[in-house]
Structures are given as structure tokens and as C-alpha cells.
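Engineer: Just dropping this structure here.
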Amino acid sequence: MRQNRFAMAVTAAAFLSLAQPAQAADPVVIGVSIAQSPPGSVVQGTQVKDGIEIITKMINDEGGVLGRPLKIVYEDNQGIPEKGRAAVEKLISRDKVVAITGGHQSSVCLAEIEVAHRYKVPYVNTNCWSDDIRAKGYPEVFNPGNYNTRVSTAMAETIGAMKVKNVVAFAENTDYGIGQAKILGELLAKQSPDVKYKYVALDRAGKDFTPAVLPLRANPPDMVVNVMLPPAAYILMNQLYEQGVAPSAKTWFYDGAGIADYPDFWQNVKEAGKYMLAFGLYHPQMPMPDIGQQVGQTYQKEKGHEPNRLIFQGADSVLQIVRAIEQAKSTDASAITQALKDMDYEGVRGKFKFSQEPGYSFQQWVDIPYVTYQLTEVDQPLSKTTLIQATGQPLHADKLVRPSN
Amino acid sequence: MLALDLFVNGLIIGLYYALMAVGLAMIFGILKIVNFAHGEFYMIGAYTYTLIALGLGVPPWLALPAAALAGALIGWATERWLMRPLYTGYGSWGLMKDEYAVVVTFGLSLLLINLFDKVIGPYPMRGPALWDAPRLSIGPFMMSGQKLITAAVAIILMVSLALFIKRSLWGRQIQAVAQNRLGASIAGIDTARASSIVFMASGVLAAIAGALLAPVINPAPDVGIFPAVKSYVIVVIGGMGSIPGSIIAALLLGVLESFGAVYLSYDYRDTYGLVLLILILLLRPQGLFGERAREV
């Protein structure tokens with residue numbers, strides 16, 4: 001009997017010792033909810049995914065996280081809030097992910113964070129700009145990406161420095177678009193009360209914006225601002241150009257949606273993109289840590305064209321979760337949340353710590369770097385564009401050029 | 001001057017709508033079904049034109065007939081493989097399973113959108129212009145050369161279609177099938193072939209619309225959803241199955257949206273058509289040019 005017990009104990013120990021390494025090699029799973037099919041912005045989703053794939057490979061090549069491989073589980077939210085909500089629910093309850101990231105459309109993020117908050121699972125917002133996401137004050141939601149107030153502040157400063165008097169913004173009818181257009185109006189009213197500003201909301205699924213453009217022909221403003229994403233933004237630009245409204249000798253065209261570095265930008269706008277002034281979250285002349293440069297080079301090698309901001313933002317979101325796990329030495333959700341809150345993070349795009357100030361800056365990388373540049377030739381690569389304002393530097397409006405007609 | 005600009009723009013947009021809606025109206029008129037994949041015929045035309053012209057370097061004027069051919073093929077294939085089970089074996093339209101057509105065409109729509117998304121990619125792809133004049137002044141009006149050509153081709157196509165339906169043997173057969181499928185069949189008309197021709201013609205019209213607008217709308221896999229929705233509204237306003245009704249309703253909708261967007265509110269631009277639709281359904285349920293029908 002005693003021998004039998006001894007044999008059973010030895011067998012159990014052998015099983016446990018065999019089982020232990022397998023358990024140690026279980027992957028750490030991060031959930032990514034992005035638009036991989038229409039009607040969502042598949043263009044953005046693809047870029048976020050490309051960045052995530054690059055950094056995941058880099059992390060796994062260096063031994064993974066806490067000695068375990070890193071695994072990404074993707075869910076397609078189709079850019080629809082309800083689908084995003086379901087995707088996050090599934091990632092948390094079925095795939096047992098340790099954190100969620102990838103969000104790149106504000107209306108979807110606003111739905112997803114409700115689920116993450118309910119389960120108390122950390123949610124790293126990759127590219128949802130709406131201030132409302134921050135203003136909710138959810139302790140699980142972290143924002144290393146851009147936000148509407150940041151863009152609008154930068155644009156209001158630029159508009160003030162350019163001394164334009166009459167500005168019309170075209171904004172897509174989404175949380176992001178309307179939110180950004182409204183904030184820009186409020187900031188202009190404070191900083192440059194002489195500027196007459198109005199915004200027009202356009203359907204992001206629209207294909208003809210000519211009726212919105214035609215009234216500007218008779219009475220052209222000094223500047224037209226874009227707060228729309230492709231493909232609607234491209235159609236709007238072509239129609240503004242076709243009607244001779246902007247860019248023109250009288251009217252500047254200023255993009256506040258960060259579309260100039262999209263890989264399909266020039267193919268879709270051609271002449272309409274020349275002389276465009278752009279707010280940018282990435283420019284080859286921006287200082288970038290080694291790891292960021294590595295991500296950019298890998299992307300360029302794999303895809304054959306320059307990277308854009310979303311590649312870096314996607315990569316940064318995952319890297320940040322990994323660093324938090326390493327700092328917490330745990331994959332427990334509350335430990336990761338605490339680590340994200342406390343840590344000084346040096347990532348793909350630079351060094352920062354999340355602000356804890358309530359409102360739009362809650363758990364936000366407040367001083368996210370940006371540049372302002374102008375496209376001066378058709379098919380111009382980003383590296384050849386004219387930098388009007390380098391990161392943290394004053395604006396050089398004297399470098400701007402206008403079309404002759 | 002702004003009013004005139006808006007009127008001309010509204011007419012041009014109306015012509016684009018008409019190209020799409022007429023094909024849908026034909027299918028409904030002849031087969032009494034709504035093709036929910038009609039927008040994807042348009043998308044296939046836009047992509048065929050763009051990919052052939054940009055990818056193979058074929059001149060745009062030659063890529064246009066290729067797009068028409070692709071439209072005819074998808075129309076033929078849809079009718080032959082997906083629609084024919086609907087009426088094969090049934091002696092009467094009364095026995096037809098309407099829900100079959102809804103489910104099948106809706107499924108086809110989703111399949112095509114996602115197939116193009118995965119195979120071609122999600123990026124919008126602007127097609128080359130047939131007339132590369134992005135900014136053209138014609139008197140007081142400004143428009144691109146492509147828009148002008150599209151409007152002209154749309155008029156030519158719709159006149160040709162009207163002549164085909166009225167004058168040709170096939171056109172008369174189609175009219176007979178539309179009036180009474182069983183009667184036409186007894187009279188010796190190949191009703192399956194007539195249905196096939198209707199689907200092919202519908203595919204050609206939608207595909208040419210997509211190709212002509214490829215330089216204007218920057219096609220992406222879901223590009224057909226928006227014009228398809230407009231087409232459904234137009235077909236009901238014009239009178240289900242009425243081709244002239246669809247053309248008039250399309251022009252009316254184009255002008256209404258153009259004026260409404262400026263003088264009422266741009267935010268509600270897409271609702272003007274729906275308001276008109278509700279009014280028509282309340283006051284003249286058969287549509288502007290539809291005929292009251294009674295089933296026995």
C-alpha cells in the first residue's frame with residue numbers, strides 16, 4: 001500500500017514537472033479590436049495591424065514577455081460600435097486576454113471602453129481622438145494616441161499665426177469629426193476672436209460634396225479645414241479643387257485629420273493635394289528613439305514605402321502593455337492597470353508618463369509630439385515636404401507657398 | 001448664379017443616380033424581385049475599369065468596355081446560378097419565393113464586398129479620367145471633364161436602352177415577359193433568356209456607372225452601398241419597375257438634394273429623398289409613373 005502511494009506520488013510529481021514547462025510557455029494574449037472589413041476604416045485598421053505585427057515579432061524574437069511568447073488575437077469590429085462592444089466582450093471572456101488595444105475609430109472606442117471598464121481590463125486606445133473617451137475618467141483606459149484638443153490647439157495656433165480671417169471647416173458626422181470641429185471653433189473664439197469660423201458636417205459615406213462646396217465659390221474663405229477621413233476626405237479634396245475653391249491663390253487648404261501620410265493619398269488626390277498644409281503626428285525629421293526607427297525601417301523594408309503614424313501608434317500600444325506587464329511582473333489586469341498608470345514609459349515614439357488630470361487629458365500622453373508641414377509637389381514623399389513647424393519649435397509661416405491661381 | 005450652379009450639379013448627380021436605378025428598375029419590372037447586390041455590380045465596374053487601366057496600362061477608353069463586359073458577366077452569372085432556381089419549375093409568379101431573392105442577393109452583396117476587400121485590399125483606388133481635365137470652365141460653371149463625359153454617356157446609354165426595349169425583338173420579348181411571364185412563355189418566348197438579358201443589361205449599366213465615376217468617387221470595396229440605397233429610393237418614387245419613372249425620379253432626387261443641402265441643411269441631405277419617398281407612398285403609393293395593379 002505504502003509502495004503504491006509512493007509510486008502515485010512519483011507519477012504525480014513527474015506529471016507536474018512535465019506540465020510545468022508547458023504552462024510557462026503559455027502565451028501572454030493581448031486582444032486587438034480593429035476594422036478589418038467595411039464599413040469601418042479598413043485602411044486605418046490595416047496600418048494599426050501592420051505596426052502591431054512588427055512589434056510583436058520584435059518582442060518574441062527577444063524572448064517574449066516574462067519568458068512567455070506574446071500572442072495577439074484580432075477581432076474585426078467593422079468600425080461599428082455594437083460590433084466593437086461584442087468584440088471586446090469576446091476577447092475578454094473567451095480569449096482571456098490580459099489587455100485590449102487597437103481602437104482607431106472614436107465611436108467604436110466609446111462603446112468598447114464600457115466593456116473594458118465593466119471587466120476592469122486595461123484598454124490602451126491606439127488612435128481614437130475624441131476627447132469624450134478621456135473625459136469618462138475610466139481608470140482602465142489609457143491614451144498614448146492623439147486627441148482632438150491637441151489637434152485643434154495646434155491648428156488654432158497655426159491659423160492665428162497665418163492671420164487668416166475667414167475659416168470654413170468640413171467635418172465628418174462622427175464623434176471624432178464634430179468633436180474636433182467644435183473644439184477648433186471654441187479655441188479660435190478665445191485665441192483669435194477676429195477669425196470668422198463655421199463648420200459644415202458631411203456624411204462620411206457621402207460621394208458628392210459639391211453642394212457644400214458650391215457656396216464657397218462665390219464667397220471663398222481664406223482657409224478650408226478638413227476634419228474628414230478617407231475616402232470621403234479624398235472626394236472632398238477633389239471637389240474643392242475641381243470647383244477652384246482650394247487650394248487656390250485666395251484659399252488655403254489645411255488638413256487636420258492626418259491623411260497626408262496615408263499610403264494611398266497621392267493616388268487618390270493628385271493635383272488636389274498640392275499646396276495642402278497638414279497637421280502631422282509623424283514626419284521623418286521628427287526625433288525618434290532607436291526602437292521607433294527599427295519599426296519604421298522594418299515597415300519600409302516589408303511594404304516598400306514610407307511608414308506613417310498609425311504604424312508607430314499600433315506598435316507603441318502593444319509595447320506599452322508589454323512594458324507594463326514586465327514592470328508589474330504579472331499578467332493580472334489590475335496590476336497591469338496600476339503599472340500603466342505609474343510607469344515612465346519610453347516607447348516607439350518617445351518618452352512619456354500619463355497625466356492624471358481629469359477631463360480630456362486624463363490618462364493621456366498630453367504633450368504628444370506633432371509637426372506642421374506643407375506638400376508642395378504631386379507625389380511628394382513625406383521626407384521631401386516642407387516642415388513649417390518642427391516638434392516643439394515655433395511656426396515658420398514664411399515658408400508657406402501658395403498656388404498662383 | 002448659385003441656384004443655377006446647384007441645378008446643373010443636381011441634374012448631373014441625377015444622371016449618375018439614373019444609370020444605377022434604371023438597371024434595378026428593369027430587374028424589378030421583369031422579375032419582380034429586388035436585387036440587393038446591385039451596388040456591387042457598380043463596384044465591380046469601378047474596379048475592373050481602374051485595375052485594367054492602371055494595372056495593365058490599357059487606355060481608359062478601352063477599359064470602359066471591359067468594365068461593361070464584367071458587368072454583363074456578373075449579371076449573367078447571378079441570374080443563371082442564383083436567380084434561376086427562383087422560377088424554374090414554377091408555373092406562376094404567384095408561387096415565387098420572394099424571400100429567396102432577398103436572402104440570395106443580400107448574401108451575394110456581402111460576399112462580393114468582403115471578397116474585394118480581402119483580394120484587392122481596403123484602400124480607395126481612384127480611376128484614371130477619360131478626359132483628364134480636373135478643372136474645366138464651361139461658361140459660368142466649373143466641373144471636371146470626367147463629370148461632363150459621364151453625364152453625356154449616361155444620356156446616350158439611357159436613350160439606347162429605351163430604343164432597345166421599344167424597338168428590338170429582344171426588347172419586345174422583355175416587355176412581354178414583364179407583362180405576363182406565363183403568357184409570354186406560351187407564346188414561345190424563351191423567358192429564361194429574357195431574364196438573363198435583363199440581368200446582363202442591368203449589370204452593364206451599373207458597371208459603366210461605376211467605371212465612369214471611378215475617377216470621382218475613389219472606389220473602395222463598399223463603394224456600391226451608397227448608390228444602391230439611393231437607387232432603391234428612386235425606384236419606389238418613380239414607380240416600381242418603371243424605367244422612365246426611375247429616370248425622372250433620379251433627376252428629381254439629384255436636384256432636390258442639391259438645393260436642400262444649401263437652402264435647408266446639409267446635415268439632412270440624405271433625408272430629403274426619404275421624405276419625398278414617404279410623401280409619394282402616402283399620396284401615390286404606386287409611384288410617379290407606376291400603375292396600380294391587382295393580383296387575382
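Engineer: Which count do you get for residues in the stretch A:35-73 that are in contact with a strand residue (DSSP E or B) (Cβ under 7 Å, 6 or more places away or on another chain), within 14 Å of chain B (Cβ to nearest Cβ) and not small (Gly, Ala, Ser)?
Structural biologist: 3
Engineer: Looking at (1) crowded, with 20+ Cβ neighbours inside 10 Å; (2) part of a loop (DSSP other than H, G, I, E, B), which is the one condition that is false for A:ASP194?
Structural biologist: (1)
Engineer: Looking at the stretch A:354-385, which of its residues are on the phi > 0 side of the Ramachandran plot and either surrounded by fewer than 22 Cβ atoms within 10 Å (Cβ to Cβ) or assigned by TED's automatic domain parsing to the domain that holds A:LYS341 (or both)? Lay out the reasoning, then the answer.
Structural biologist: Restricting attention to the stretch A:354-385, the residues satisfying the condition of being on the phi > 0 side of the Ramachandran plot are A:359, A:363, A:379.
Once the filter is applied, which keeps residues that are on the phi > 0 side of the Ramachandran plot and either surrounded by fewer than 22 Cβ atoms within 10 Å (Cβ to Cβ) or assigned by TED's automatic domain parsing to the domain that holds A:LYS341 (or both), the stretch A:354-385 yields A:GLY359, A:ASP379.
Engineer: Looking at (1) under 30 Å from B:THR271 (Cα atoms); (2) more than 8 Å from chain B (Cβ to nearest Cβ); (3) among the hydrophobic types (A, V, I, L, M, F, W, C); (4) more than 27 Å from the chain's Cα centre (by Cα), which is the only condition A:VAL195 fails?
Structural biologist: (1)
Engineer: So is B:VAL229 within 15 Å of the chain's Cα centre (by Cα) and within 14 Å of another protein chain (Cβ to nearest Cβ) or not?
Structural biologist: Against the criterion (within 15 Å of the chain's Cα centre (by Cα) and within 14 Å of another protein chain (Cβ to nearest Cβ)), B:VAL229 qualifies.
Engineer: May I pose another question? Which ones in the stretch B:116-138 are in a loop (DSSP other than H, G, I, E, B), farther than 29 Å from A:GLY79 by Cα and hydrophobic (A, V, I, L, M, F, W, C)?
Structural biologist: Within the stretch B:116-138, B:ALA129, B:LEU130, B:TRP131, B:ALA133 meet the criteria.
Engineer: A:VAL164 - would you say it is in contact with a strand residue (DSSP E or B) (Cβ under 7 Å, 6 or more places away or on another chain), among the hydrophobic types (A, V, I, L, M, F, W, C) and either at positive phi or not assigned by TED's automatic domain parsing to the domain that holds A:GLN105 (or both)?
Structural biologist: yes
Engineer: Of everything in the stretch A:140-190 that's assigned to a loop (DSSP other than H, G, I, E, B) and among the charged types (D, E, K, R), which residue is farthest from A:PHE312 (Cα to Cα)?
Structural biologist: Residues of the stretch A:140-190 that are assigned to a loop (DSSP other than H, G, I, E, B), as a first pass: A:140, A:144-147, A:163-165, A:173-174.
Then drop every residue that is not among the charged types (D, E, K, R), which leaves A:140, A:163, A:165.
Values: A:GLU140: 22, A:LYS163: 33, A:LYS165: 36 Å.
This residue is A:LYS165.
Engineer: So which residues in the stretch B:1-14 are surrounded by fewer than 24 Cβ atoms within 10 Å (Cβ to Cβ) and of a type in the set (A, V, I, L, M, F, W, C)?
Structural biologist: B:MET1, B:LEU2, B:ALA3, B:LEU4, B:LEU6, B:PHE7, B:VAL8, B:LEU11, B:ILE12, listed by residue number.
Engineer: Here is a follow-up. Have a look at A:ASN173, A:ASN268 and point out the one that is within 12 Å of chain B (Cβ to nearest Cβ) and touching a Lys or Arg at 6+ places or on another chain (Cβ under 6 Å).
Structural biologist: The unique qualifying residue is A:ASN268.
Engineer: Could you check the stretch B:139-149 and list, in sequence order, the residues that are within 12 Å of chain A (Cβ to nearest Cβ) and not in a loop (DSSP other than H, G, I, E, B)? Walk me through how you get there before you give the answer.
Structural biologist: Initially, the stretch B:139-149 is screened for residues within 12 Å of chain A (Cβ to nearest Cβ), giving B:140-148.
Matches in the stretch B:139-149: B:PHE141, B:MET142, B:MET143, B:GLY145, B:GLN146, B:LYS147, B:LEU148.
Engineer: Does A:ALA212 count as of a type in the set (A, V, I, L, M, F, W, C) and within 14 Å of another protein chain (Cβ to nearest Cβ)? Walk me through it before giving the result.
Structural biologist: Numbers: of a type in the set (A, V, I, L, M, F, W, C): yes; within 14 Å of another protein chain (Cβ to nearest Cβ): yes.
When the stated conditions are applied, A:ALA212 passes them.
Engineer: Considering each of A:VAL225, A:VAL245 in turn, give the residue that is in the same structural domain as A:GLY273 (by TED's automatic domain parsing), among the β-branched types (Val, Ile, Thr), touching a strand residue (DSSP E or B) at 6+ places or on another chain (Cβ under 8 Å) and not in a loop (DSSP other than H, G, I, E, B). Don't jump to the end; show me each part of the working.
Structural biologist: On the way: A:VAL245 fails: not in a loop (DSSP other than H, G, I, E, B).
That would be A:VAL225, the only listed residue that is in the same structural domain as A:GLY273 (by TED's automatic domain parsing), among the β-branched types (Val, Ile, Thr), touching a strand residue (DSSP E or B) at 6+ places or on another chain (Cβ under 8 Å) and not in a loop (DSSP other than H, G, I, E, B).
Engineer: Mind telling me which of the residues B:LEU252, B:LEU274, B:LEU264 ends up being within 14 Å of chain A (Cβ to nearest Cβ), out of contact with any helix residue (DSSP H, G or I) (no Cβ under 6 Å at 6 or more places or on another chain) and in contact (Cβ under 8 Å) with a residue 24 or more places away in the chain? Working first, answer last.
Structural biologist: Numbers: B:LEU252 fails: within 14 Å of chain A (Cβ to nearest Cβ); B:LEU264 fails: in contact (Cβ under 8 Å) with a residue 24 or more places away in the chain.
B:LEU274 is the lone residue from the list that is within 14 Å of chain A (Cβ to nearest Cβ), out of contact with any helix residue (DSSP H, G or I) (no Cβ under 6 Å at 6 or more places or on another chain) and in contact (Cβ under 8 Å) with a residue 24 or more places away in the chain.
Engineer: For the stretch A:248-263, which positions are within 12 Å of chain B (Cβ to nearest Cβ) and within 30 Å of A:GLY304 (Cβ to Cβ)?
Structural biologist: Of everything in the stretch A:248-263, those that are within 12 Å of chain B (Cβ to nearest Cβ) and within 30 Å of A:GLY304 (Cβ to Cβ) turn out to be A:ILE259, A:TYR262, A:PRO263.
Engineer: What number goes with the only condition from (1) within 14 Å of chain B (Cβ to nearest Cβ); (2) crowded, with 22+ Cβ neighbours inside 10 Å that A:VAL224 does not pass?
Structural biologist: Exception for A:VAL224: condition (1).
The values are calculated or read from the model by the stated rules, or taken from the named source; none is laboratory data. If you're wondering where the values come from, they're calculated on a predicted model, not measured in any experiment. Glycine gets a Cβ as well: all are built from the backbone with ideal geometry, and neighbour counts include every protein chain shown.
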